[in-house]
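Colleague: This is the structure I have questions about; it appears just below.
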Ligand code: TK8
(Lines give C-alpha, C1' and ligand atoms only; values in the text may rest on other atoms or scores of the structure.)
Protein backbone atom coordinates (compact mmCIF):
# COMPACT_ATOMS: atom_id res chain seq x y z
CA UNK A 1 0.00 0.00 0.00
CA UNK A 2 1.54 3.31 -1.04
CA UNK A 3 1.97 5.81 1.78
CA UNK A 4 2.61 8.92 -0.36
CA UNK A 5 2.94 11.18 2.59
CA UNK A 6 5.89 9.13 3.86
CA UNK A 7 7.56 8.69 0.48
CA UNK A 8 6.96 12.36 -0.40
CA UNK A 9 8.18 14.14 2.67
CA UNK A 10 11.83 15.24 2.78
CA UNK A 11 12.02 13.46 6.12
CA UNK A 12 9.42 10.85 5.42
CA UNK A 13 6.90 11.22 8.20
CA UNK A 14 9.73 12.02 10.62
CA UNK A 15 10.37 15.26 12.44
CA UNK A 16 12.32 18.29 11.37
CA UNK A 17 14.27 20.40 13.83
CA UNK A 18 13.10 24.00 14.27
CA UNK A 19 14.74 26.12 16.97
CA UNK A 20 15.79 22.95 18.72
CA UNK A 21 12.26 21.55 18.70
CA UNK A 22 11.16 18.60 16.66
CA UNK A 23 8.10 19.16 14.47
CA UNK A 24 6.23 16.49 12.58
CA UNK A 25 6.00 17.20 8.86
CA UNK A 26 2.48 15.85 8.51
CA UNK A 27 -0.23 14.19 10.59
CA UNK A 28 -0.77 10.45 10.44
CA UNK A 29 -2.71 10.44 7.17
CA UNK A 30 -5.04 7.76 5.85
CA UNK A 31 -3.69 5.59 3.08
CA UNK A 32 -5.45 5.88 -0.29
CA UNK A 33 -8.10 3.27 -1.13
CA UNK A 34 -6.81 0.21 -2.98
CA UNK A 35 -6.86 0.62 -6.75
CA UNK A 36 -9.29 -1.87 -8.26
CA UNK A 37 -10.48 -2.55 -11.80
CA UNK A 38 -9.01 -4.39 -14.73
CA UNK A 39 -6.24 -3.05 -16.94
CA UNK A 40 -7.82 -1.37 -19.97
CA UNK A 41 -7.09 -2.37 -23.55
CA UNK A 42 -4.27 -0.52 -25.26
CA UNK A 43 -5.63 2.80 -26.57
CA UNK A 44 -2.23 4.41 -26.96
CA UNK A 45 0.21 6.04 -24.58
CA UNK A 46 -0.04 9.51 -23.04
CA UNK A 47 2.21 11.59 -20.82
CA UNK A 48 0.17 14.19 -18.91
CA UNK A 49 1.81 17.29 -17.35
CA UNK A 50 -0.10 18.56 -14.32
CA UNK A 51 0.72 21.83 -12.58
CA UNK A 52 -0.52 22.55 -9.04
CA UNK A 53 -0.04 25.47 -6.72
CA UNK A 54 0.69 23.78 -3.42
CA UNK A 55 3.62 21.89 -1.90
CA UNK A 56 4.50 18.18 -2.01
CA UNK A 57 3.17 17.77 1.54
CA UNK A 58 -0.28 19.19 0.72
CA UNK A 59 -3.48 17.12 0.38
CA UNK A 60 -3.72 18.53 -3.15
CA UNK A 61 -0.37 16.99 -4.16
CA UNK A 62 -0.75 13.72 -2.26
CA UNK A 63 -4.18 13.04 -3.78
CA UNK A 64 -2.85 13.95 -7.25
CA UNK A 65 -0.21 11.25 -6.76
CA UNK A 66 -3.06 8.81 -6.12
CA UNK A 67 -4.81 10.05 -9.30
CA UNK A 68 -1.60 9.37 -11.24
CA UNK A 69 -1.25 5.89 -9.75
CA UNK A 70 -4.81 4.93 -10.67
CA UNK A 71 -4.20 5.91 -14.30
CA UNK A 72 -0.82 4.16 -14.44
CA UNK A 73 -2.13 0.96 -12.89
CA UNK A 74 -5.33 0.78 -14.91
CA UNK A 75 -3.48 1.36 -18.21
CA UNK A 76 -0.45 -0.75 -17.41
CA UNK A 77 1.72 2.35 -17.47
CA UNK A 78 0.41 3.73 -20.77
CA UNK A 79 -0.83 6.92 -19.07
CA UNK A 80 1.82 8.75 -17.04
CA UNK A 81 1.00 11.88 -15.02
CA UNK A 82 3.96 14.11 -14.13
CA UNK A 83 2.99 16.50 -11.32
CA UNK A 84 4.72 19.89 -10.93
CA UNK A 85 3.94 21.40 -7.46
CA UNK A 86 4.71 24.74 -5.78
CA UNK A 87 3.30 26.90 -8.62
CA UNK A 88 6.49 26.12 -10.58
CA UNK A 89 4.58 26.09 -13.91
CA UNK A 90 2.63 29.26 -13.03
CA UNK A 91 -0.22 30.43 -10.83
CA UNK A 92 -3.88 29.42 -11.05
CA UNK A 93 -4.81 32.06 -13.62
CA UNK A 94 -1.77 31.37 -15.81
CA UNK A 95 -2.20 27.59 -15.66
CA UNK A 96 -5.87 27.81 -16.65
CA UNK A 97 -4.81 29.86 -19.67
CA UNK A 98 -2.20 27.18 -20.47
CA UNK A 99 -4.98 24.56 -20.41
CA UNK A 100 -6.91 26.63 -22.92
CA UNK A 101 -3.95 26.82 -25.32
CA UNK A 102 -2.97 23.21 -24.71
CA UNK A 103 0.50 24.06 -23.39
CA UNK A 104 -0.40 22.29 -20.13
CA UNK A 105 -2.51 19.15 -19.76
CA UNK A 106 -3.94 19.49 -16.20
CA UNK A 107 -4.16 21.86 -13.29
CA UNK A 108 -5.95 22.13 -9.97
CA UNK A 109 -6.86 25.76 -9.14
CA UNK A 110 -9.19 27.14 -6.53
CA UNK A 111 -12.69 27.90 -7.77
CA UNK A 112 -12.28 31.62 -6.99
CA UNK A 113 -10.02 32.65 -9.91
CA UNK A 114 -12.12 30.42 -12.20
CA UNK A 115 -15.15 32.70 -11.90
CA UNK A 116 -13.92 34.43 -15.06
CA UNK A 117 -14.89 31.23 -16.93
CA UNK A 118 -18.03 30.24 -14.97
CA UNK A 119 -19.40 33.21 -13.04
CA UNK A 120 -21.77 31.05 -10.93
CA UNK A 121 -18.70 29.67 -9.09
CA UNK A 122 -18.66 32.98 -7.19
CA UNK A 123 -21.37 31.47 -4.97
CA UNK A 124 -18.56 29.64 -3.18
CA UNK A 125 -16.90 32.98 -2.41
CA UNK A 126 -19.85 34.28 -0.38
CA UNK A 127 -18.67 34.51 3.22
CA UNK A 128 -19.99 32.03 5.79
CA UNK A 129 -22.17 30.33 3.15
CA UNK A 130 -21.21 26.74 4.03
CA UNK A 131 -21.41 26.14 7.79
CA UNK A 132 -19.80 22.68 7.92
CA UNK A 133 -17.55 20.40 5.89
CA UNK A 134 -20.50 17.98 5.51
CA UNK A 135 -22.53 20.79 3.97
CA UNK A 136 -19.65 21.74 1.66
CA UNK A 137 -19.22 18.13 0.51
CA UNK A 138 -22.95 17.79 -0.15
CA UNK A 139 -22.88 20.95 -2.25
CA UNK A 140 -19.76 19.90 -4.20
CA UNK A 141 -21.42 16.53 -4.94
CA UNK A 142 -24.73 18.10 -5.99
CA UNK A 143 -26.29 18.39 -9.44
CA UNK A 144 -26.03 22.17 -9.10
CA UNK A 145 -22.26 21.85 -8.70
CA UNK A 146 -22.04 19.43 -11.62
CA UNK A 147 -23.82 22.00 -13.79
CA UNK A 148 -21.06 24.48 -12.92
CA UNK A 149 -18.40 21.96 -13.99
CA UNK A 150 -20.32 21.29 -17.21
CA UNK A 151 -20.49 25.05 -17.87
CA UNK A 152 -16.75 25.05 -18.65
CA UNK A 153 -17.54 23.30 -21.95
CA UNK A 154 -16.27 25.34 -24.84
CA UNK A 155 -13.76 27.32 -22.77
CA UNK A 156 -10.93 24.92 -23.66
CA UNK A 157 -11.10 23.48 -20.13
CA UNK A 158 -12.63 20.15 -19.08
CA UNK A 159 -13.57 20.55 -15.39
CA UNK A 160 -13.48 17.08 -13.84
CA UNK A 161 -14.37 17.41 -10.17
CA UNK A 162 -14.45 19.59 -7.05
CA UNK A 163 -12.39 18.87 -3.94
CA UNK A 164 -11.43 20.72 -0.77
CA UNK A 165 -9.15 23.67 -0.54
CA UNK A 166 -10.97 24.36 2.69
CA UNK A 167 -12.02 26.91 5.26
CA UNK A 168 -10.00 30.08 4.91
CA UNK A 169 -8.31 31.59 7.97
CA UNK A 170 -6.75 35.05 8.28
CA UNK A 171 -3.04 35.39 9.06
CA UNK A 172 -1.00 38.58 9.39
CA UNK A 173 2.26 40.00 10.72
CA UNK A 174 0.87 43.19 12.33
CA UNK A 175 -1.45 42.30 15.21
CA UNK A 176 -3.79 39.72 16.73
CA UNK A 177 -7.25 39.86 15.13
CA UNK A 178 -10.40 38.87 17.05
CA UNK A 179 -12.90 41.31 15.53
CA UNK A 180 -13.66 43.32 12.40
CA UNK A 181 -12.36 46.40 14.26
CA UNK A 182 -8.98 44.64 14.59
CA UNK A 183 -8.95 44.22 10.80
CA UNK A 184 -9.87 47.84 10.13
CA UNK A 185 -7.68 49.23 12.91
CA UNK A 186 -9.38 51.96 15.01
CA UNK A 187 -6.32 54.05 15.75
CA UNK A 188 -4.02 52.36 13.24
CA UNK A 189 -4.33 51.69 9.52
CA UNK A 190 -6.37 48.78 8.22
CA UNK A 191 -4.51 45.55 7.50
CA UNK A 192 -3.19 45.13 3.96
CA UNK A 193 -4.47 41.68 2.98
CA UNK A 194 -3.60 39.68 -0.14
CA UNK A 195 -6.64 38.13 -1.74
CA UNK A 196 -7.16 35.72 -4.59
CA UNK A 197 -7.94 37.34 -7.95
CA UNK A 198 -11.68 37.37 -7.34
CA UNK A 199 -14.05 40.37 -6.92
CA UNK A 200 -16.08 38.90 -4.06
CA UNK A 201 -12.96 38.36 -1.96
CA UNK A 202 -11.93 41.95 -2.67
CA UNK A 203 -15.37 43.05 -1.52
CA UNK A 204 -15.13 41.03 1.71
CA UNK A 205 -11.90 42.66 2.85
CA UNK A 206 -12.87 46.15 1.68
CA UNK A 207 -16.09 45.78 3.66
CA UNK A 208 -14.06 44.74 6.73
CA UNK A 209 -11.95 47.90 6.41
CA UNK A 210 -8.78 46.21 5.18
CA UNK A 211 -6.70 47.22 2.17
CA UNK A 212 -7.01 44.16 -0.11
CA UNK A 213 -4.49 43.38 -2.87
CA UNK A 214 -5.28 40.64 -5.43
CA UNK A 215 -2.12 38.60 -6.06
CA UNK A 216 -1.06 35.25 -7.50
CA UNK A 217 -0.47 32.59 -4.86
CA UNK A 218 3.11 32.00 -6.08
CA UNK A 219 4.09 35.61 -5.29
CA UNK A 220 2.56 35.62 -1.82
CA UNK A 221 5.38 34.32 0.38
CA UNK A 222 7.91 36.93 -0.84
CA UNK A 223 5.27 39.69 -0.66
CA UNK A 224 4.70 38.89 3.02
CA UNK A 225 8.44 38.45 3.66
CA UNK A 226 9.11 41.92 2.20
CA UNK A 227 6.16 43.48 4.01
CA UNK A 228 4.36 44.33 0.77
CA UNK A 229 1.24 42.94 2.47
CA UNK A 230 0.53 42.38 6.16
CA UNK A 231 -1.39 39.19 5.67
CA UNK A 232 -3.36 36.69 3.63
CA UNK A 233 -6.08 34.11 4.12
CA UNK A 234 -5.94 30.40 3.38
CA UNK A 235 -6.72 27.08 5.10
CA UNK A 236 -4.42 26.11 7.96
CA UNK A 237 -2.86 23.27 5.94
CA UNK A 238 -1.86 25.68 3.16
CA UNK A 239 -0.42 28.15 5.66
CA UNK A 240 1.63 25.32 7.18
CA UNK A 241 2.72 23.46 4.04
CA UNK A 242 3.64 26.76 2.33
CA UNK A 243 5.64 27.79 5.43
CA UNK A 244 3.73 31.06 5.82
CA UNK A 245 4.35 30.84 9.58
CA UNK A 246 7.94 31.87 8.82
CA UNK A 247 6.65 35.32 7.81
CA UNK A 248 3.34 35.55 9.69
CA UNK A 249 3.05 36.00 13.46
CA UNK A 250 -0.72 35.94 14.00
CA UNK A 251 -3.50 33.62 12.89
CA UNK A 252 -7.26 34.05 13.40
CA UNK A 253 -9.70 31.16 13.04
CA UNK A 254 -12.22 33.14 10.96
CA UNK A 255 -13.36 30.28 8.67
CA UNK A 256 -14.86 33.06 6.59
CA UNK A 257 -15.08 31.20 3.24
CA UNK A 258 -14.99 27.52 2.21
CA UNK A 259 -13.10 27.34 -1.10
CA UNK A 260 -13.23 24.29 -3.38
CA UNK A 261 -10.46 23.19 -5.73
CA UNK A 262 -11.39 22.18 -9.28
CA UNK A 263 -9.36 19.44 -11.00
CA UNK A 264 -9.12 20.44 -14.65
CA UNK A 265 -7.81 19.04 -17.94
CA UNK A 266 -7.16 20.83 -21.20
CA UNK A 267 -9.98 20.04 -23.64
CA UNK A 268 -7.27 19.39 -26.24
CA UNK A 269 -5.78 16.69 -24.00
CA UNK A 270 -9.24 15.29 -23.19
CA UNK A 271 -10.16 15.07 -26.87
CA UNK A 272 -6.99 13.06 -27.62
CA UNK A 273 -8.05 10.35 -25.16
CA UNK A 274 -10.05 7.32 -26.28
CA UNK A 275 -13.54 7.16 -24.66
CA UNK A 276 -12.38 4.32 -22.40
CA UNK A 277 -9.49 6.49 -21.17
CA UNK A 278 -11.81 9.49 -20.71
CA UNK A 279 -14.08 7.36 -18.50
CA UNK A 280 -11.06 6.23 -16.49
CA UNK A 281 -9.77 9.81 -16.05
CA UNK A 282 -13.18 10.98 -14.83
CA UNK A 283 -13.44 8.06 -12.39
CA UNK A 284 -9.89 8.53 -11.14
CA UNK A 285 -10.51 12.26 -10.64
CA UNK A 286 -13.57 11.56 -8.49
CA UNK A 287 -11.74 8.93 -6.45
CA UNK A 288 -8.74 11.20 -5.87
CA UNK A 289 -11.06 14.08 -4.91
CA UNK A 290 -12.69 11.93 -2.24
CA UNK A 291 -9.24 11.03 -0.92
CA UNK A 292 -8.16 14.68 -1.05
CA UNK A 293 -11.13 15.77 1.06
CA UNK A 294 -10.28 13.08 3.61
CA UNK A 295 -6.65 14.26 3.78
CA UNK A 296 -7.74 17.90 4.00
CA UNK A 297 -9.95 17.04 6.97
CA UNK A 298 -7.12 15.13 8.67
CA UNK A 299 -4.73 18.03 8.07
CA UNK A 300 -7.02 20.89 9.15
CA UNK A 301 -6.95 21.21 12.95
CA UNK A 302 -3.59 19.43 13.12
CA UNK A 303 -2.06 22.20 10.94
CA UNK A 304 -3.49 24.94 13.17
CA UNK A 305 -1.96 23.28 16.23
CA UNK A 306 1.36 22.81 14.43
CA UNK A 307 1.39 26.52 13.51
CA UNK A 308 0.83 27.36 17.16
CA UNK A 309 3.63 24.99 18.19
CA UNK A 310 5.91 26.73 15.68
CA UNK A 311 5.30 30.10 17.24
CA UNK A 312 2.23 31.59 15.52
CA UNK A 313 -0.17 33.28 17.93
CA UNK A 314 -3.53 31.72 16.98
CA UNK A 315 -6.74 33.53 17.98
CA UNK A 316 -9.68 31.12 18.19
CA UNK A 317 -12.98 32.98 17.75
CA UNK A 318 -16.08 32.13 19.80
CA UNK A 319 -19.61 32.13 18.33
CA UNK A 320 -20.20 35.79 19.22
CA UNK A 321 -16.93 36.85 17.58
CA UNK A 322 -17.78 34.86 14.44
CA UNK A 323 -21.24 36.47 14.47
CA UNK A 324 -19.58 39.91 14.52
CA UNK A 325 -17.70 39.01 11.32
CA UNK A 326 -20.88 37.59 9.74
CA UNK A 327 -22.75 40.81 10.53
CA UNK A 328 -19.88 42.97 9.27
CA UNK A 329 -19.82 41.23 5.87
CA UNK A 330 -23.61 41.26 5.30
CA UNK A 331 -23.14 44.10 2.75
CA UNK A 332 -21.19 41.62 0.60
CA UNK A 333 -24.35 39.52 0.26
CA UNK A 334 -26.40 42.66 -0.42
CA UNK A 335 -24.00 43.57 -3.25
CA UNK A 336 -23.29 40.13 -4.70
CA UNK A 337 -26.41 38.00 -4.21
CA UNK A 338 -28.34 39.70 -7.02
CA UNK A 339 -25.30 39.40 -9.32
CA UNK A 340 -24.59 35.75 -8.53
CA UNK A 341 -28.27 34.77 -8.52
CA UNK A 342 -30.64 34.59 -5.54
CA UNK A 343 -32.08 31.30 -6.81
CA UNK A 344 -28.65 29.68 -7.10
CA UNK A 345 -27.74 30.83 -3.60
CA UNK A 346 -31.05 29.53 -2.24
CA UNK A 347 -30.53 26.10 -3.84
CA UNK A 348 -27.00 25.87 -2.42
CA UNK A 349 -28.25 26.88 1.03
CA UNK A 350 -31.03 24.27 0.81
CA UNK A 351 -28.49 21.53 0.03
CA UNK A 352 -26.21 22.77 2.81
CA UNK A 353 -29.00 22.88 5.38
CA UNK A 354 -30.23 19.41 4.42
CA UNK A 355 -26.71 18.03 4.89
CA UNK A 356 -26.49 19.62 8.30
CA UNK A 357 -29.66 17.83 9.40
CA UNK A 358 -28.58 14.35 8.31
C1 LIG B 1 -3.10 27.32 -5.04
C2 LIG B 1 -4.22 28.31 -4.78
C3 LIG B 1 -4.42 28.52 -3.28
C4 LIG B 1 -5.56 29.51 -3.07
C5 LIG B 1 -4.99 30.92 -3.05
O6 LIG B 1 -2.92 27.11 -6.43
O7 LIG B 1 -4.64 31.42 -4.15
O8 LIG B 1 -4.90 31.52 -1.96
O9 LIG B 1 -6.25 29.25 -1.84
O10 LIG B 1 -4.63 27.28 -2.69
O11 LIG B 1 -5.41 27.83 -5.39
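Colleague: Looking only at region 299-317, filter to residues that are over 21 Å from the mean Cα position of the chain (by Cα) and in a helix (DSSP H, G or I); which one of those is surrounded by the most Cβ atoms within 10 Å (Cβ to Cβ)?
Modeller: 308
Colleague: Quick one: count up the residues across region 47-91 that are in contact (Cβ under 8 Å) with a residue 40 or more places away in the chain and touching a strand residue (DSSP E or B) at 6+ places or on another chain (Cβ under 6 Å).
Modeller: Matching residues across region 47-91 total 8.
Colleague: Same structure again: Return the total of residues in region 318-336 being surrounded by fewer than 19 Cβ atoms within 10 Å (Cβ to Cβ) and not in a helix (DSSP H, G or I).
Modeller: Matching residues across region 318-336 total 1.
Colleague: So residue 160 clears everything in (1) more than 14 Å from the ligand (Cβ to nearest atom); (2) touching a helix residue (DSSP H, G or I) at 6+ places or on another chain (Cβ under 6 Å); (3) not assigned by TED's automatic domain parsing to the domain that holds residue 286 except one condition, right? Which one?
Modeller: (3)
Colleague: Can you name the condition, by its number, that residue 276 falls short on among (1) away from the ligand (no atom under 12 Å from the Cβ); (2) in a helix (DSSP H, G or I); (3) touching a strand residue (DSSP E or B) at 6+ places or on another chain (Cβ under 9 Å); (4) within 29 Å of residue 62 (Cβ to Cβ)?
Modeller: Failing condition for residue 276: (3).
Colleague: Is it the case that region 98-108 has a residue that's in contact with a helix residue (DSSP H, G or I) (Cβ under 9 Å, 6 or more places away or on another chain), in contact (Cβ under 8 Å) with a residue 24 or more places away in the chain and within 10 Å of the ligand (Cβ to nearest atom)?
Modeller: The answer is yes; a qualifying residue exists.
Colleague: Wholly within region 175-272, which helices (runs of 4 or more DSSP H) include no fewer than the required count, namely at least 2 residues that are within 14 Å of the ligand (Cβ to nearest atom) and more than 30 Å from residue 48 (Cβ to Cβ)?
Modeller: 199-207, 220-225
The values are calculated or read from the model by the stated rules, or taken from the named source; none is laboratory data. For clarity, every value in this text was computed on a predicted model and none was experimentally measured. Every residue, glycine as well, gets a Cβ built from its backbone with ideal geometry; the counts of neighbours run over all protein chains shown.
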